[in-house]
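Novice: Below are the structure tokens for one structure; questions will follow.
The values are calculated or read from the model by the stated rules, or taken from the named source; none is laboratory data. Source: prediction; values computed, not measured. Glycine also receives a Cβ, built like all others from the backbone with ideal geometry; neighbour counts cover every protein chain displayed. The accessibility values were calculated without ligands, DNA or RNA, using every heavy atom of the protein model including side chains. Shrake-Rupley method; radii C 1.70, N 1.55, O 1.52, S 1.80 Å.
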Amino acid sequence: LGDNKFMPPSFRPDIAIEEDLIEEIGRYIGYNNSPGELPGKLPRRAELGSEMSLAAYARNLMMSRGYTEVMTYSFLPENFAKFLKLDENDLRARPLLIANPISRDQVAMRTTLIMGLLNGLKNSILSGWRGAVRIFEQGRVFLRKDINNKDYAEHVEFNKIAGLLFNGVESRDIYKQPEDFYSMKADVKALIEGRGFNEIIFEVSRESFAHSGQTASVSVIIDNNKVNLGFIAALKPSLVKELDVNGNIYIFELDLTPLE
């Protein structure tokens with residue numbers, strides 16, 4: 001407020017910066033009595049940046065293909081790795097634990113988005129939903145730098161996107177066949193091709209929680225190097241049964257950063 005100096009009374013420790021004082025003046029005059037004025041012209045238009053632009057692209061594409069975006073907690077119960085049957089040498093099986101969790105179901109930082117989507121599906125069915133489910137999520141996962149590292153500061157965060165299909169019907173098929181592994185493969189292919197990649201490599205692979213005959217890794221070529229993005233898979237029938245749902249569940253998870 002120019003060269004003027006003001007000292008708030010000791011019983012007002014909440015007044016610390018210039019904006020706090022301006023707020024007090026507004027209260028004294030009355031907000032309804034303060035004159036309205038449009039802000040001046042901004043010097044230039046702000047830019048989203050590559051990460052935000054990529055997130056917007058992925059959101060628009062997935063929604064255009066019939067998916068609904070969900071947002072799940074970044075925290076999971078400590079036993080999620082056991083449910084997914086993750087190998088003890090898998091970094092995803094060694095989550096960072098929270099010092100002061102708010103509940104027993106939110107003890108560990110997520111190492112994958114898949115568990116959040118599966119919980120979302122289960123909760124929807126328990127709530128009475130009986131239609132098709134096509135959901136996706138974008139978010140960060142948190143991994144230790146190595147299995148034996150106990151220092152929580154030494155971790156890596158990755159931007160991921162994951163999707164889930166359940167009980168859907170292939171609308172582009174005149175015979176209205178149930179959606180399957182190849183329906184999800186088409187969605188993943190469209191997501192990656194839209195970023196300018198002409199060569200997408202799908203190879204038979206293995207995930208501890210996935211059907212051995214319906215699991216594929218997804219890779220692209222960047223600067224003549226093969227870069228693995230993630231996987232597409234059908235969830236193991238035993239895990240589908242454990243979730244207490246009827247029908248096949250198809251999932252994918254990709255690393256978004258290489259697509260920037």
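Novice: Could you list, in sequence order, the residues of segment 11-68 that are in contact with a strand residue (DSSP E or B) (Cβ under 6 Å, 6 or more places away or on another chain) and not in a helix (DSSP H, G or I)?
Specialist: Gly66, Tyr67, Thr68
Novice: Return the pairs, sorted by first residue and then second, in which the second residue is assigned to a loop (DSSP other than H, G, I, E, B) and of a type outside the set (S, T, N, Q), the first residue lies in segment 23-46 and is without any contact (Cβ under 8 Å) to a residue 24 or more places away in the chain, the beta carbons are less than 7 Å apart, and the residues are 6+ apart or on different chains.
Specialist: Going by the 7 Å Cβ cut-off, the qualifying pairs are Glu24/Ile15.
Novice: What is the residue count in segment 77-100 for residues that are aliphatic (A, V, I, L, M) and farther than 20 Å from Val240 by Cβ?
Specialist: 6
Novice: Which residue, of Ile201, Ile174, is more than 19 Å from Met62 (Cβ to Cβ), surrounded by fewer than 20 Cβ atoms within 10 Å (Cβ to Cβ) and modelled with pLDDT of 95 or more?
Specialist: It is Ile201.
Novice: Can Gly213 be described as exposed (fewer than 15 other Cβ atoms within 10 Å of the Cβ), without any contact (Cβ under 8 Å) to a residue 24 or more places away in the chain and of a type outside the set (Val, Ile, Thr)?
Specialist: In short, yes.
Novice: Report, by residue number, each residue of segment 24-51 that is of a type in the set (D, E, K, R) and either over 25 Å from Pro8 (Cβ atoms) or open to solvent by less than 100 Å² (accessible area, probe 1.4 Å) (or both).
Specialist: If the condition is that a residue be of a type in the set (D, E, K, R) and either over 25 Å from Pro8 (Cβ atoms) or open to solvent by less than 100 Å² (accessible area, probe 1.4 Å) (or both), then Glu24, Glu37, Lys41, Arg44, Arg45, Glu47, Glu51 are the ones that fit.
Novice: Would you say Met7 is at negative phi, open to solvent by 100 Å² or more (accessible area, probe 1.4 Å) and either touching a residue at least 40 places away in the same chain (Cβ under 8 Å) or outside any loop (DSSP other than H, G, I, E, B) (or both)?
Specialist: When the stated conditions are applied, Met7 does not pass them.
Novice: Hey, another quick one. Checking Ala81 against (1) loosely packed, with under 12 Cβ neighbours inside 10 Å; (2) in a helix (DSSP H, G or I); (3) hydrophobic (A, V, I, L, M, F, W, C): exactly one of these is not met. Which one?
Specialist: Only one criterion is unmet by Ala81, namely (1).
Novice: Which of the residues belonging to segment 21-65 are closer than 30 Å to Gly163 by Cβ, of a type outside the set (A, V, I, L, M, F, W, C) and out of contact with any helix residue (DSSP H, G or I) (no Cβ under 7 Å at 6 or more places or on another chain)?
Specialist: Glu47, Gly49, Ser50, Glu51, Ser53, Tyr57, Arg59, Asn60, Ser64
Novice: Out of the residues in segment 224-245 meeting the condition of being small (Gly, Ala, Ser) and under 27 Å from Ser127 (Cα atoms), tell me which one is most open to solvent (accessible area, probe 1.4 Å).
Specialist: If we take residues in segment 224-245 being small (Gly, Ala, Ser) and under 27 Å from Ser127 (Cα atoms), then Ser238 is most open to solvent (accessible area, probe 1.4 Å).
Novice: Next up: Return yes when Ser208 is in contact (Cβ under 8 Å) with a residue 12 or more places away in the chain, over 26 Å from Ser124 (Cβ atoms) and open to solvent by less than 20 Å² (accessible area, probe 1.4 Å) and no when it is not.
Specialist: Taking the combined requirement at face value, the residue does not satisfy it.
Novice: Do we have Lys160 as touching a strand residue (DSSP E or B) at 6+ places or on another chain (Cβ under 6 Å) and open to solvent by 20 Å² or more (accessible area, probe 1.4 Å) here?
Specialist: Yes; evaluated as a whole, the condition is true for this residue.
Novice: Kindly evaluate Ile192 against the criterion of being at pLDDT below 90 and either open to solvent by 30 Å² or more (accessible area, probe 1.4 Å) or not in a strand (DSSP E or B) (or both).
Specialist: No; evaluated as a whole, the condition is false for this residue.
Novice: OK, next. Would a scan of segment 140-157 turn up a residue that is of a type in the set (S, T, N, Q) and buried (at least 17 other Cβ atoms within 10 Å of the Cβ)?
Specialist: Looking for residues that are of a type in the set (S, T, N, Q) and buried (at least 17 other Cβ atoms within 10 Å of the Cβ), one finds none in segment 140-157, hence no.
Novice: Among all residue pairs at least 6 apart or on different chains, which show Cβ distances below 8 Å where the first residue, located in segment 111-136, is under 17 Å from Gly163 (Cβ atoms) and polar (S, T, N, Q) and the second is part of a strand (DSSP E or B) and open to solvent by less than 50 Å² (accessible area, probe 1.4 Å)?
Specialist: If the second residue must be part of a strand (DSSP E or B) and open to solvent by less than 50 Å² (accessible area, probe 1.4 Å), the pairs left are Thr112/Val141; Thr112/Lys160; Thr112/Ala162; Thr112/Glu253; Ser124/Val133.
Novice: Among strands (runs of 3 or more DSSP E) lying entirely in segment 207-260, which contain 1 or more residues that are in contact with a Leu (Cβ under 9 Å, 6 or more places away or on another chain) and modelled with pLDDT under 95?
Specialist: Strands (runs of 3 or more DSSP E) meeting the threshold: 210-222.
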